[in-house]
Amino acid sequence: MSEEQDAQQLMMQMQQTQQQMQEIAQQKEQTENEIQGVKKALNELERSDGDEVYRQVGEIMVAREREELEDELEERQEDLEVRMEGLEKKEKQLEEKIKESQSQFSQGME
């Protein structure tokens, strides 16, 4: 391959990696919003009285045992936090890949 083709290939790889970074950023934002929603729901449950609470499922409200719903929400929060950790790890890997590609591109241009 010629230097020009190598440079074009590196540019394409960097663009793909940057696109992946944008997708990860969107997924992180969505996951963070879900985490905040779960935290808010757990706070509301702490402030509420009684053993029976209601949860919206689609267009209807369904009665649930408070403790059962708390357990479900706490599990959901843990799952989301694990997902966030995975996204952050992937983001760091992509950042390293971009730095490496930029370095290779700079060396190729010299």
Residues in segment 85-108 reached by a label modelled at residue 27 [backbone nitrogen below 16 Å; 7 Å Cα→Cβ]: 85-97
With Cα coordinates, the longest principal axis of the chain makes an angle with the long axis of helix 66-109, in degrees rounded to 10, of 10 degrees
Stretch gain in nm, segment residue 72-residue 18, where the contour uses 0.36 nm per residue and the Cα spacing is subtracted: 15.9 nm
What is the distance in Å between the Cα centres of segment 52-70 and segment 75-101? 32 Å
Selected from 11, 82, 43, residue furthest toward positive end of dipole (the chain; charges at beta carbon): 11
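So, with +1 on the Cβ of K and R and -1 on the Cβ of D and E, and no other charges, what is the size of the charge dipole of segment 44-99 about its Cα centre, to the nearest 20 debye? All intermediate terms of the calculation are to be shown ahead of the outcome.
Values: 11 positive and 22 negative charges, 139 e Å.
The calculation lands at about 660 debye.
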Using θ = phi - 60° and Karplus 6.51 cos²θ - 1.76 cosθ + 1.60, couplings along segment 29-38 (whole Hz; Gly, Pro as x): 4, 4, 5, 4, 4, 5, 4, 4, x, 5
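Defining a contact as two alpha carbons under 8 Å apart and six or more residues distant in sequence, what relative contact order in percent does segment 33-109 show?
Working: 36 pairs, mean separation 21.1, N = 77.
Relative CO of segment 33-109 lands at 27 percent.
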Residues of segment 27-61 with amide N under 17 Å of the 7 Å Cα→Cβ point at residue 98: 27-29
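Quick note: the coordinates plus some simple rules give every number you see, no bench work behind them. Here the structure is a predicted model, which means the values were calculated and not measured. With ideal geometry, Cβ positions are generated from the backbone for all residues, glycine too; neighbour counts draw on all protein chains shown.
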